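Just below is one structure, and these are the notes that go with it.
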Amino acid sequence: SDVNNYQSTIVDKAINDPHSQVRQSAISLLNVISYDKKAELLDKILAKEKAYNVIGAALTQLNEIDQIKGLEYAKLFSEENNSSLDINIASIFSTQQDVKYNEWYAKKVGKHDINFLYELCGFYNIYLLNQQEQKINSAIEYYSSLALDQSVNRYRRFICTASLVSLKNLLMSHTSNKSINTNVLSKKIDESIHDIKVAERDEELITRYSEF
């Protein structure tokens, strides 16, 4: 039938098309065509694919079907250095409670491509909601140290400060983690933001910080 032919064409392009953008687009279409062997297909693609944009698309879709497999592949690709793929991985890690992913996030926040950093920090903050108070404290101190360091790129400084504001908002609205004292952490964030504002010398950032 026409439907089966269309499915076959999409599947073939997802695996075999020479252009990575076409493979990525074909993977995105798998949701539309309700392909019943999607998990097997994505597994097959992730086992051999080399293009980061295709890996990211396949990883996100596989994780929606099978979170155990999705996490396995996210861990496998977590040592790659690709800013876009890191966002797919950060999204998957953000749902985990295991403390070991903290180090991965912290390393990325200090080095990550500015264009993707705010999104990455957003996932890091979601991850932090499930951590012990000590880890959240350390993250606040880390964001602050980057934001206070005038030798750090100004946009990274700004994103770290904005991420502190976002983290405070998240902590105040998600109180399900009983092991943390949100008031103490919120006060620490307020103090950190105050210190950042006082220390900042960049005129544009001073203006932007007045909104916080």
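Values as computed for the structure displayed
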read-out	value
Residue tally, condition modelled with pLDDT under 95 and in contact with a Leu (Cβ under 7 Å, 6 or more places away or on another chain), over segment 44-61	1
Complete set of residues in segment 157-192 that are among the aliphatic types (A, V, I, L, M) and over 23 Å from the mean Cα position of the chain (by Cα)	VAL184
Any hit, segment 147-155, residues being without any contact (Cβ under 8 Å) to a residue 60 or more places away in the chain, over 12 Å from ILE196 (Cβ atoms), assigned to a helix (DSSP H, G or I) and in contact with a Phe, Trp or Tyr (Cβ under 8 Å, 6 or more places away or on another chain)	no
Yes/no for ASN4 being of a type outside the set (Asp, Glu), open to solvent by 30 Å² or more (accessible area, probe 1.4 Å) and closer than 17 Å to ALA90 by Cβ	no
Any hit, segment 157-164, residues being open to solvent by 20 Å² or more (accessible area, probe 1.4 Å) and of a type in the set (Lys, Arg)	no
Residues (under 12 Å from VAL54 (Cα atoms) and not hydroxyl-bearing (Ser, Thr, Tyr)) located in segment 19-30	HIS19, GLN21, VAL22, ARG23, GLN24, ALA26, ILE27
Number of positions in segment 62-91 that are in a helix (DSSP H, G or I) and more than 22 Å from LEU29 (Cβ to Cβ)	12
Qualifying positions in segment 42-54 - in contact with a helix residue (DSSP H, G or I) (Cβ under 6 Å, 6 or more places away or on another chain) and either open to solvent by less than 60 Å² (accessible area, probe 1.4 Å) or among the basic types (Lys, Arg) (or both)	LEU42, ILE45, LEU46, GLU49, ALA51, ASN53, VAL54
Considering residues of segment 170-189 that are assigned to a helix (DSSP H, G or I) and open to solvent by 70 Å² or more (accessible area, probe 1.4 Å) only, the residue farthest from GLN131 (Cα to Cα)	LYS187
Positions within segment 7-41 being part of a helix (DSSP H, G or I), farther than 12 Å from ALA57 by Cβ and open to solvent by 50 Å² or more (accessible area, probe 1.4 Å), in sequence order	SER8, THR9, ASP12, LYS13, ASN16, VAL32, GLU40
Verdict on SER28 being among the hydroxyl-bearing types (Ser, Thr, Tyr) and on the phi < 0 side of the Ramachandran plot	yes
Residues (exposed (fewer than 14 other Cβ atoms within 10 Å of the Cβ), of a type in the set (Asp, Glu) and farther than 23 Å from ALA106 by Cα) located in segment 55-91	GLU64
Number of the exception - SER173 against (1) in contact with a His (Cβ under 7 Å, 6 or more places away or on another chain); (2) at pLDDT below 95	(1)
Yes/no for TYR101 being open to solvent by less than 80 Å² (accessible area, probe 1.4 Å) and either within 29 Å of ARG156 (Cβ to Cβ) or in contact with a Gly (Cβ under 8 Å, 6 or more places away or on another chain) (or both)	yes
Residue check for ILE126: over 19 Å from TYR155 (Cα atoms), touching a Lys or Arg at 6+ places or on another chain (Cβ under 7 Å) and open to solvent by 60 Å² or more (accessible area, probe 1.4 Å)	no
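The values are calculated or read from the model by the stated rules, or taken from the named source; none is laboratory data. This one's a predicted model, so the numbers in the text were calculated from it and none came from an experiment. Note that we place each Cβ from the backbone using ideal geometry, even for glycine, and neighbour counts take in every protein chain shown. Surface accessibility is based on the protein's heavy atoms, side chains included, excluding ligands, DNA and RNA. Shrake-Rupley method; radii C 1.70, N 1.55, O 1.52, S 1.80 Å.
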